[in-house]
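> Let me give you the structure first, and then I'll get to my questions.
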Amino acid sequence: MIGPVPLARVSGCRSVWGPGPADRLRSPRARFERHLSASLPSDPDLVLVTDLDGTLLEGTDSTRRRVYGWLAAERRRVLHVFCTGRDLGSVGRLLAREAALGLQAPHLVIGDVGCTVACGVTLTPLPLAVAPIEALWHGRAERVLPLLKLIPGLSPQPLSTERRLAYGIDPHRLDTRRLAAVEAHGVDCLVSGDKYLDVLPAGVNKGSSLLDLLAWLELDRRLVVTAGDSLNDLAMFETGLQSVMVGNAEAALARALPGLARTYRADAHGCDGILEGLRHFGFGHLFDPWPEP
Ligand SMILES: [Mg+2]
């Protein structure tokens, strides 16, 4: 965990502020919230951290409509965080597209598999959270790109990624043992879904960035539930926070379940799996009795 640290210059941010004397007197949460366009729930009943593809975006239109409507109606009680492999541009396009089903912007976004943290409303990166990740990434791409070019079975993804590299993989050609030489340069190589490779600053992932965010916001971990479906969600589940592995989780993630003490394996897929998990952890009173459509 990186934790709250002094501010450094961050690329990709619209604004960068230095910590002035008044800043140093404020609490971490107050310093963090200065950079948000809308205030967060001051005393939430639940902090819901959802992966997108295969999780919050999975389910029938009618179920998704109901879950998105509930999140929109309970904005002051449920602090909602997207935690996704998508970059901010992709999240913005998704929000525009899914507005027809009632999906609203979350309070916060952890994007780029943990390498970006942004205001959910404006999708502006938050310097206090991003600066330490930027520092860890500095110079890494230049070192590992020449090595990655020599490994068969990798094709660069056309993404505007920040503080990471993203590849599609051919699992029949990729020898994952060759990634050890890449990781020797201060990065982690994360293969998920037998389809994707993310090259991340060492130690940075969805779980580490979520724990840092909770530290900044001084939130009670007992209020947090995470949900996901693929191997890049494993780091969230390994934090020990209450977590929901949705029923449609990829097989490699499901195999990790015995080592995950606080992760509930839902039978239901996607949005229905999230609700099943919330009931399991005692948060059902926030939406039950679920209104019939
Ligand atoms: Mg997913």
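The values are calculated or read from the model by the stated rules, or taken from the named source; none is laboratory data. As the structure is a computational prediction, the values presented were derived from the model and not from experiment. Neighbour counts run over all protein chains shown; Cβ positions are idealised from the backbone, glycine included.
> For the stretch 237-256, give me each residue that is assigned to a helix (DSSP H, G or I) and away from the ligand (no atom under 16 Å from the Cβ).
Residue satisfying the conditions is Arg255 alone.
> If you don't mind, there's one more thing I want to ask. Go through the stretch 173-196 and report how many residues are modelled with pLDDT of 95 or more, out of contact with any Asp or Glu (no Cβ under 7 Å at 6 or more places or on another chain) and part of a strand (DSSP E or B).
Looking only at that region, the number is 2.
> May I pose another question? Kindly check whether there is at least one residue in the stretch 197-207 that is surrounded by 19 or more Cβ atoms within 10 Å (Cβ to Cβ) and among the small types (Gly, Ala, Ser).
yes
> Now a separate question. Quick one: His172 ticks every box in (1) within 30 Å of Ala30 (Cα to Cα); (2) surrounded by fewer than 20 Cβ atoms within 10 Å (Cβ to Cβ); (3) not acidic (Asp, Glu) except a single one, so which number is it?
(1)
> For the stretch 45-54, name all the residues that are within 16 Å of Phe82 (Cα to Cα) and more than 16 Å from the ligand (Cβ to nearest atom).
Of everything in the stretch 45-54, those that are within 16 Å of Phe82 (Cα to Cα) and more than 16 Å from the ligand (Cβ to nearest atom) turn out to be Leu46, Val47.
> So Gly59 ticks every box in (1) in a helix (DSSP H, G or I); (2) over 19 Å from the mean Cα position of the chain (by Cα); (3) within 16 Å of the ligand (Cβ to nearest atom) but one. Which box is left unticked?
(1)
> Further, regarding this structure: Take the stretch 133-165 and flag every residue that is touching a helix residue (DSSP H, G or I) at 6+ places or on another chain (Cβ under 7 Å) and either of a type in the set (A, V, I, L, M, F, W, C) or in the same structural domain as Gly92 (by TED's automatic domain parsing) (or both).
Within the stretch 133-165, Val144, Leu147, Leu148, Ile151, Leu154, Leu165 qualify.
> Sticking with this structure for a sec: Need the failing condition index for Ser90 against (1) farther than 20 Å from Asp51 by Cβ; (2) in contact (Cβ under 8 Å) with a residue 60 or more places away in the chain, just the number.
(1)
> What about Val130, is it out of contact with any helix residue (DSSP H, G or I) (no Cβ under 9 Å at 6 or more places or on another chain) and buried (at least 16 other Cβ atoms within 10 Å of the Cβ)? Quick ask: steps written out before the conclusion?
Details: out of contact with any helix residue (DSSP H, G or I) (no Cβ under 9 Å at 6 or more places or on another chain): yes; buried (at least 16 other Cβ atoms within 10 Å of the Cβ): yes.
When the stated conditions are applied, Val130 passes them.
> Return the total of residues in the stretch 115-160 being of a type in the set (S, T, N, Q) and closer than 15 Å to Leu190 by Cα.
2
> Quick check: anything in the stretch 219-236 part of a loop (DSSP other than H, G, I, E, B) and either of a type in the set (S, T, N, Q) or in contact with a Pro (Cβ under 6 Å, 6 or more places away or on another chain) (or both)? Spell out how you get there, then give the answer.
Step one: filter the stretch 219-236 for residues part of a loop (DSSP other than H, G, I, E, B), giving 219-220, 229-230.
Those still in the list that are either of a type in the set (S, T, N, Q) or in contact with a Pro (Cβ under 6 Å, 6 or more places away or on another chain) (or both) too: 230.
Yes: one or more hits.
> Does the stretch 210-229 hold any residues that are surrounded by fewer than 22 Cβ atoms within 10 Å (Cβ to Cβ) and either within 17 Å of Tyr264 (Cβ to Cβ) or β-branched (Val, Ile, Thr) (or both), and which are they?
Of everything in the stretch 210-229, those that are surrounded by fewer than 22 Cβ atoms within 10 Å (Cβ to Cβ) and either within 17 Å of Tyr264 (Cβ to Cβ) or β-branched (Val, Ile, Thr) (or both) turn out to be Arg221, Arg222, Leu223.
> Give the stretch 208-236 a look and list any residue that's within 16 Å of the ligand (Cβ to nearest atom) and at positive phi, or say none.
Matches in the stretch 208-236: none.
> Still on this structure, please answer the following. Pick out the one residue from Ala268, Ala184, Ala261 that is more than 16 Å from the chain's Cα centre (by Cα), surrounded by fewer than 22 Cβ atoms within 10 Å (Cβ to Cβ), of a type in the set (Gly, Ala, Ser) and within 16 Å of the ligand (Cβ to nearest atom).
On the way: Ala184 fails: within 16 Å of the ligand (Cβ to nearest atom); Ala261 fails: within 16 Å of the ligand (Cβ to nearest atom).
After applying the criteria, what remains is Ala268.
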